[in-house]
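The structure appears right after this line, and notes come after that.
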Amino acid sequence: MKTRVSIKDIANSLGVSAATVSLVLNGKEGRVSKALAEKIRSAAEAMNYEPNSLARGLRSGRSETLGLIVADISNPFFAHLAFHVQEHAEQYGYSVIIANTNESTDKMEKMISVLKSRQVDGFIIVPTEYGEQLVENLIRDKRPLVLLDRYFPEIDVSYVTVNNYQASMEATNLLLNSNCKRIAQVIYKNYLPHMQGRKKGYIAAMTQKGLYDPKLVKEIDFRTMVSDIQRAIMELVSSAEMIDGIFFASNTIAMIGLKLLTGLSIRIHKDIKLICFDKNEAFEFSNVSIPYIQQPIAEMGKLAVDLLIKQINHKDTPYVHEELQAHLEC
């Protein structure tokens, strides 16, 4: 196993003190001659010296890393969100450590612990249900923190989300304006505001037209998602009154639902019209165009990083609540 080159190794090779090498490699060479400083840098490069960022972080009080915890990295929405968080963080000179909870509060707790041990300077978290205490613990410990996509109304902390309620109303109205009357919604069973907003927006649009039927709302459990969606689709298409539209409340649900409907020889947009919250690249390979709600993913990621960096640099930064606008793509 290759031994890591240390500052002391460089110092011994040149016959100078480790303190002198440390000053040069940390950009504090004012008291060191230009010739010696250049000699030290050349030796460090030749010996493949790699700075120990953890040790440097302990000295400076910062690790120059951020912790990002997402709910389901297999979901294209969260994968794209992580990409934009990382890209924007790099502009501030920060690296990002990405962790996944798979919608488990136990895993959220574990990932927070892991990131703490890695000395991250702040957290961007897509929280799970029942994660309130974990968020409150971070606030109590005065950890820089921004919640992303989801938040807890009773906890005052910075967050970035979108107008789920309004976007859901617009999506439902698109189907209603396409002459759909019996529109179902397949949605995660989740009490957090982002999913509740999507449910309430659908209900509001259907109620305004006098068409709301609670039996057409199918709530599914993330842990048993495939079997729950299969059961929901079979109940909807085998009912006495045939549905003519489905609003899938996430792209993951939509992909599973679309596969099931195709397997049942349901003609998409002829027998049943569809709409989805979030885009999935797989839609591009479908022989029909599926409208969807486009969230401003890049803007969400960038804004979350901006808010977090402000907290890191200024401990008394007030909390900010941002709701961005999602829009329909037809």
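The values are calculated or read from the model by the stated rules, or taken from the named source; none is laboratory data. Owing to the predicted nature of the structure, the values given are computational and were not obtained by experimental measurement. Cβ placement follows ideal geometry from the backbone for every residue including glycine, while neighbour counts extend to all protein chains displayed.
Structure notes:
- Hits in the stretch 272-318 (condition: part of a loop (DSSP other than H, G, I, E, B), closer than 16 Å to Leu147 by Cβ and over 19 Å from the mean Cα position of the chain (by Cα)): Thr317, Pro318
- Among the residues listed as Leu274, Leu308, the single one being buried (at least 19 other Cβ atoms within 10 Å of the Cβ), of a type outside the set (Gly, Ala, Ser) and assigned by TED's automatic domain parsing to the domain that holds Val120: Leu308
- Answer residue from the stretch 244-271, given it is surrounded by fewer than 16 Cβ atoms within 10 Å (Cβ to Cβ) and of a type in the set (D, E, K, R) and is nearest to the chain's Cα centre (by Cα) among those: Lys259
- Subset tally (residues that are outside any helix (DSSP H, G or I) and surrounded by 14 or more Cβ atoms within 10 Å (Cβ to Cβ)) for the stretch 131-161: 17
- Filter pass, Lys302 being in the same structural domain as Val146 (by TED's automatic domain parsing) and surrounded by 14 or more Cβ atoms within 10 Å (Cβ to Cβ): yes
- So Met242, is it of a type outside the set (Lys, Arg), in the same structural domain as Ser168 (by TED's automatic domain parsing) and more than 18 Å from Gln196 (Cβ to Cβ): yes
- Residues located in the stretch 200-253, provided they are part of a helix (DSSP H, G or I) and of a type in the set (D, E, K, R): Lys200, Lys215, Arg223, Asp228, Arg231, Glu235
- Of residues in the stretch 82-102 being surrounded by fewer than 19 Cβ atoms within 10 Å (Cβ to Cβ) and assigned to a loop (DSSP other than H, G, I, E, B), the one modelled with the highest pLDDT: Asn102
- Residue check for Val305: in contact with a His (Cβ under 8 Å, 6 or more places away or on another chain) and farther than 21 Å from Phe78 by Cα: no
- The residue list Glu129, Glu109 contains one member that is touching a Leu at 6+ places or on another chain (Cβ under 7 Å) and within 19 Å of Met195 (Cα to Cα), which is Glu129.
The rows are residues; the columns are (1) touching a helix residue (DSSP H, G or I) at 6+ places or on another chain (Cβ under 8 Å); (2) of a type in the set (S, T, N, Q).
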| position | (1), (2) |
| --- | --- |
| Ile246 | yes, no |
| Asn251 | yes, yes |
| Met255 | yes, no |
| Ile268 | yes, no |
| Asn287 | no, yes |
| Met300 | yes, no |
| Leu307 | no, no |
| Lys315 | no, no |
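- Long-range neighbours under 6 Å by Cβ, at least six apart or interchain, first residue among the basic types (Lys, Arg) within the stretch 287-314, second at pLDDT 95 or above: Lys302/His88
- Exactly one residue among Ile98, Ile124, Ile73, Ile155 is without any contact (Cβ under 8 Å) to a residue 40 or more places away in the chain and under 15 Å from Ile297 (Cα atoms), and that residue is Ile73.
- Taking the stretch 236-286 as the range and being touching a residue at least 60 places away in the same chain (Cβ under 8 Å) and aromatic (Phe, Trp, Tyr) as the test, the residues that pass are Phe247, Phe248, Phe277.
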